[in-house]
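Structure provided below as structure tokens; questions to follow.
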Amino acid sequence: MVEQKKIIIDTDPGHDDAIAILLALASPELDVIGVTCVAGNVPLHLTARNALLVCELAGRPDVKVFSGCDRPMVRKLVTAEAIHGETGLDGPQWDPPTGQLQDQHAVDWLVETLLDAEDKEITLCPVGPLTNIAMALVREPKIASKVDQIVSMGGGYFVGGNITPAAEFNIFVDPHAADVVYRSGIPIVAMPLDVTHKALMTQDWIQTLEDLGTEVGRKSSQLLSFYNRFDLERYGMAGSPVHDPATIAYLIEPDLYTGKEVYVEVETRSSLTMGMTVVDYWGARRKEPNCLWVSKVNDEGFFQLMYDRLATL
Ligand code: RIB
Ligand code: CA
């Protein structure tokens, strides 16, 4: 048995977040020691509820779910109901969650858990705005040495942004938090739009999930059919990018991805380019790289991995 990697998923479910959580819980390589929720796609009370629903859908009501920051560090919260619907998981019919959130605040639990860990023992997988991660680092900088790496969905450079021409949603919502994380010195693997836009989910693939004949297959198919409509209308793409599971797929099968070690800085002042991830791809600034910027994916392998793992739930 391969040694399990301890991970914490920080999330704003969110349709693609839901698939990322299901993929992680379906993968024996990963030990999901907790799910921390942040305001993003929808307000915090809904992202936290949605995380409970997804863990229960995976048959894992035992997974500890924590509610975290309900707004960005500095800016006003911007949400994305146009994409994810009013509940954040529109598409399927959901019964209320049977489980409860943990009482402890996500930031307090992150700090406590990381301080108790060995050096480089835990991997953080943020797939929403980085508010919780940044607040934990500000609260207790000592936690940085306990993090093996941060595998984060966020940013965009060669393909630009998705919520503004310059910025991707997760970074745009809380650029100050992203700035704290990118300056933290913790090894970062960035899964930006540059790579997520190269793995487009088609209605045919969604149908294969429906054909599984399982509750997970049915709900995933209903979620993704709802989510697919936005990107098809907007981008006119052959399918839509299902962003967040890229972080989990990378942890399971890193060879699916190719990236380059670069220096990235986050714009936190300009109104025009607020939240832009400025990638020094050619080393012009001669700065020490602070992240692996992933821009290539074996998309067939990615979708096969997701299908194979979701089929086990
Ligand atoms: O820009 C895509 C990201 O923003 C994804 O994490 C999606 O869930 C939203 O949070
Ligand atoms: Ca997300």
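The values are calculated or read from the model by the stated rules, or taken from the named source; none is laboratory data. Values in this document were obtained by computation on a predicted structure and should not be read as measured data. Counting neighbours? That spans all protein chains shown, and the Cβs are built from the backbone with ideal geometry, glycine included. These area figures cover heavy atoms from the full protein model, side chains too; ligands, DNA and RNA do not enter into them. Shrake-Rupley method; radii C 1.70, N 1.55, O 1.52, S 1.80 Å.
On the basis of being part of a strand (DSSP E or B) and open to solvent by 10 Å² or more (accessible area, probe 1.4 Å), does THR258 make the cut?
Spelling it out, THR258 is indeed part of a strand (DSSP E or B) and open to solvent by 10 Å² or more (accessible area, probe 1.4 Å).
I've got another one for you. Do you know which residues across the stretch 129-168 are among the acidic types (Asp, Glu) and buried (at least 22 other Cβ atoms within 10 Å of the Cβ)?
GLU168
Let me ask something additional. Can you confirm whether the stretch 66-78 contains a residue that is under 17 Å from the mean Cα position of the chain (by Cα), free of Cβ contacts under 8 Å to residues at least 40 places away in the same chain and not in a loop (DSSP other than H, G, I, E, B)?
yes
Checking the conditions here, which among VAL216, VAL189 is under 26 Å from PHE66 (Cβ atoms), of a type outside the set (Phe, Trp, Tyr), touching a residue at least 12 places away in the same chain (Cβ under 8 Å) and part of a helix (DSSP H, G or I)?
VAL216
Which of (1) open to solvent by 30 Å² or more (accessible area, probe 1.4 Å); (2) touching a strand residue (DSSP E or B) at 6+ places or on another chain (Cβ under 7 Å); (3) in a helix (DSSP H, G or I) does GLU265 not meet, given it meets every other one?
(3)
Here are GLY128, GLY155: which of them is within 16 Å of ligand 2 (Cβ to nearest atom), at positive phi and touching a helix residue (DSSP H, G or I) at 6+ places or on another chain (Cβ under 9 Å)?
The match here is GLY155.
If you don't mind, there's one more thing I want to ask. With the checklist (1) open to solvent by 10 Å² or more (accessible area, probe 1.4 Å); (2) touching a Leu at 6+ places or on another chain (Cβ under 9 Å); (3) within 16 Å of ligand 1 (Cβ to nearest atom) in hand, flag the one item PRO61 doesn't pass.
All conditions pass for PRO61, except number (3).
Can you tell me how many residues in the stretch 125-161 are in contact (Cβ under 8 Å) with a residue 40 or more places away in the chain, aliphatic (A, V, I, L, M) and assigned to a helix (DSSP H, G or I)?
Number satisfying all stated conditions: 6.
Just to be sure I understand, how many residues within the stretch 238-297 are small (Gly, Ala, Ser), under 17 Å from the mean Cα position of the chain (by Cα) and closer than 24 Å to ASP148 by Cα?
3
Tally up the residues in the stretch 162-190 that are touching a Phe, Trp or Tyr at 6+ places or on another chain (Cβ under 7 Å) and near ligand 1 (Cβ under 9 Å from one of its atoms), please.
Result for the stretch 162-190: 2.
Residues of the stretch 73-128 being of a type in the set (Ser, Thr, Tyr), buried (at least 17 other Cβ atoms within 10 Å of the Cβ) and within 16 Å of VAL63 (Cα to Cα), which ones?
If the condition is that a residue be of a type in the set (Ser, Thr, Tyr), buried (at least 17 other Cβ atoms within 10 Å of the Cβ) and within 16 Å of VAL63 (Cα to Cα), then THR113 is the only one that fits.
Another question, then. Among ILE171, ILE188, which is the only one that is open to solvent by less than 30 Å² (accessible area, probe 1.4 Å), at pLDDT 95 or above and either within 16 Å of ligand 2 (Cβ to nearest atom) or in contact with an Asp or Glu (Cβ under 7 Å, 6 or more places away or on another chain) (or both)?
Result of the check over ILE171, ILE188: ILE171.
Failed condition for LEU53, given (1) in a loop (DSSP other than H, G, I, E, B); (2) within 16 Å of ligand 1 (Cβ to nearest atom), with all others met?
With respect to (1) in a loop (DSSP other than H, G, I, E, B); (2) within 16 Å of ligand 1 (Cβ to nearest atom), LEU53 is out only on (1).
Read through the list (1) open to solvent by 20 Å² or more (accessible area, probe 1.4 Å); (2) closer than 26 Å to LYS5 by Cα, then give the number of the only condition that LEU310 fails.
(1)
Return the pair list, or none, for Cβ contacts closer than 6 Å from residues in the stretch 1-27 that are without any contact (Cβ under 8 Å) to a residue 60 or more places away in the chain to residues that are away from ligand 2 (no atom under 16 Å from the Cβ) and open to solvent by 10 Å² or more (accessible area, probe 1.4 Å), at least 6 apart or on different chains.
If the second residue must be away from ligand 2 (no atom under 16 Å from the Cβ) and open to solvent by 10 Å² or more (accessible area, probe 1.4 Å), the pairs left are VAL2/GLU29; GLN4/ASP31.
Among the residues of the stretch 73-89, write down those that are away from ligand 2 (no atom under 15 Å from the Cβ) and touching a His at 6+ places or on another chain (Cβ under 9 Å).
Scanning the stretch 73-89 gives MET73, VAL74, ARG75.
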